[in-house]
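Inspection log for the structure reproduced underneath, given as structure tokens.
Bear in mind that the values in this text are calculations on the coordinates, not laboratory data. Because the structure is a prediction, the values reported are computed rather than measured. Cβ coordinates were reconstructed from backbone atoms using ideal geometry, including for glycine residues, and neighbour counts include every protein chain displayed.
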Amino acid sequence: MLSTGKEVRQTTPRNCVGWTVIPGTLELAEIERWSGPFSTDLRERAVDALEEGLVIYFPRLPFTLEARERLLLSPSVADGKAKNVSLDPASGSVKGAAPDADRAALQTMLDRFASQATQLVGELFPAYVAGLERARTSYRPVEIMGRSYSPLKDDKLLHVDAFPSTPTHGRRILRLFTNIAPAGQARIWRVGEPFEDFARKFLPSLPRPNPVSAWFFAAVGATKTRRSPYDQLMLALHDGAKRDAAYQKGAPQVEIGFPPGTTWLCYTDQVLHAALAGQFALEQTFHIDLASMVDVTRSPLRVLESLAGRPLAS
Ligand SMILES: O=C(O)CCC(=O)C(=O)O
Ligand SMILES: [Fe+2]
């Protein structure tokens, strides 16, 4: 079941709905509960696949809604300005909800999902626990297909995650998704080539990291901390991929449908991904310290440093 993550290069777009596993793209984990204990074999396989840049797919891991939460299955619970309703872990406050939405139900659902996701990640990846931070939880009740955004905001285009106002300095972004759609609609993703192949193509044409602009954005409060050269390169990779229509069309990629009742997770700072269609998903973001990784040489920071031949974050 363990795949190298390299075969995707030869793969042309095709459909994979439900149970089929695409070698080099998906790793299947057939667990049915959000809590362990999980076997050593499963844990080792999972962390290896995750760090290699695969999506770990749980075809039998649904998130069950309570009766009151089922009433939240409508795009009208979002305020229409933000694409998502989200829960801030520090304040516990819900953002992006419509004024007349059932906030208490949203908060309970998001919090329960966050707890289950945190338990799963902690027990499946025990090495990460010491360096694991639970970040934002989101509910995505709006259909993706047909929404239009400027290219840089459009997650229907292949990209790695990099957020302009939140530099990571190399810390990892791990995200877990569950499709909670009530009917049969899958969430359709595209997954692209391995990070290193992608970075090799784009790196030579990217602007050099600029310490003055990093200082400026921090000074005016546009970024939470000063962007490292790594953060500048990751943003440039995110933007470069989304702006490059030829890359979007011609790059190696596979299409995957995640049906309702399934869960998946991956390092979204490493896995090229695009969300093409689907409605009603829950998502949990985690940040993970580099020091917690089993093999840090596979992190985007170390891969970019080895390509650039110099340190990119202090
Ligand atoms: O909503 C999704 O399925 C994923 C969208 C995406 O690319 C993201 O949130 O980073
Ligand atoms: Fe993304």
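Selection of first residues in the range 152-175 that are over 20 Å from Leu312 (Cβ atoms) and of second residues that are in a loop (DSSP other than H, G, I, E, B) and within 10 Å of ligand 2 (Cβ to nearest atom), restricted to Cβ pairs under 6 Å at least 6 apart or on distinct chains, gives the following pairs, ordered by first then second residue: Leu158/Leu272; Arg175/Thr268. For the condition touching a strand residue (DSSP E or B) at 6+ places or on another chain (Cβ under 6 Å), more than 16 Å from ligand 2 (Cβ to nearest atom) and outside any loop (DSSP other than H, G, I, E, B), Thr118 qualifies. Scanning the range 193-235 for residues that are basic (Lys, Arg) and either buried (at least 18 other Cβ atoms within 10 Å of the Cβ) or without any contact (Cβ under 8 Å) to a residue 24 or more places away in the chain (or both) gives Arg208, Arg227. Take the conditions buried (at least 19 other Cβ atoms within 10 Å of the Cβ) and out of contact with any Lys or Arg (no Cβ under 9 Å at 6 or more places or on another chain) and apply them to Val271. Does it pass? Judged against the criteria, Val271 is a match. Scanning the range 135-157 for residues that are assigned to a strand (DSSP E or B) and either away from ligand 2 (no atom under 15 Å from the Cβ) or more than 23 Å from Phe286 (Cα to Cα) (or both) returns Thr137, Tyr139. From Val77, Val121, Val129, which residue is farther than 13 Å from Gln284 by Cβ, β-branched (Val, Ile, Thr) and surrounded by 14 or more Cβ atoms within 10 Å (Cβ to Cβ)? Of the residues listed, the single one that is farther than 13 Å from Gln284 by Cβ, β-branched (Val, Ile, Thr) and surrounded by 14 or more Cβ atoms within 10 Å (Cβ to Cβ) is Val77.
Look through Asp239, Asp269, Asp244, Asp295 and report the one residue that is of a type in the set (Asp, Glu) and within 12 Å of ligand 2 (Cβ to nearest atom). Talk me through it step by step, then tell me what you get.
Working: Asp239 fails: within 12 Å of ligand 2 (Cβ to nearest atom); Asp244 fails: within 12 Å of ligand 2 (Cβ to nearest atom); Asp295 fails: within 12 Å of ligand 2 (Cβ to nearest atom).
Just one listed residue meets the conditions, Asp269.
Return yes when Ala181 is in a loop (DSSP other than H, G, I, E, B) and of a type in the set (A, V, I, L, M) and no when it is not.
Values: in a loop (DSSP other than H, G, I, E, B): yes; of a type in the set (A, V, I, L, M): yes.
So Ala181 passes the test.
If you go through the range 291-314 and keep only what is over 27 Å from Phe258 (Cβ atoms) and under 17 Å from the mean Cα position of the chain (by Cα), you end up with just Leu301. For the range 158-175, a residue qualifies if it is more than 13 Å from ligand 2 (Cβ to nearest atom) and either among the β-branched types (Val, Ile, Thr) or not in a loop (DSSP other than H, G, I, E, B) (or both), and the qualifying residues are Thr166, Thr168, Arg172.
Could you tell me which numbered condition Ala90 fails, if it satisfies all but one of (1) closer than 19 Å to Arg175 by Cα; (2) crowded, with 20+ Cβ neighbours inside 10 Å; (3) hydrophobic (A, V, I, L, M, F, W, C)? Only one criterion in (1) closer than 19 Å to Arg175 by Cα; (2) crowded, with 20+ Cβ neighbours inside 10 Å; (3) hydrophobic (A, V, I, L, M, F, W, C) is unmet by Ala90, namely (2). Count of the range 121-177 residues, restricted to those that are out of contact with any Asp or Glu (no Cβ under 6 Å at 6 or more places or on another chain), within 15 Å of ligand 1 (Cβ to nearest atom) and acidic (Asp, Glu), is 3. Of all residues in the range 243-254, those that are on the phi < 0 side of the Ramachandran plot have Cβ atoms under 8 Å from Cβ atoms of residues that are polar (S, T, N, Q) and crowded, with 19+ Cβ neighbours inside 10 Å, 6 or more apart or on another chain, in Val254/Thr25.
Condition check ((1) over 21 Å from Gln185 (Cα atoms); (2) crowded, with 18+ Cβ neighbours inside 10 Å; (3) more than 16 Å from ligand 2 (Cβ to nearest atom)) across all residues:
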| site | (1), (2), (3) |
| --- | --- |
| Val254 | no, yes, yes |
| Phe280 | no, yes, yes |
| Glu283 | no, yes, no |
| His287 | yes, no, no |
| Arg310 | yes, no, yes |
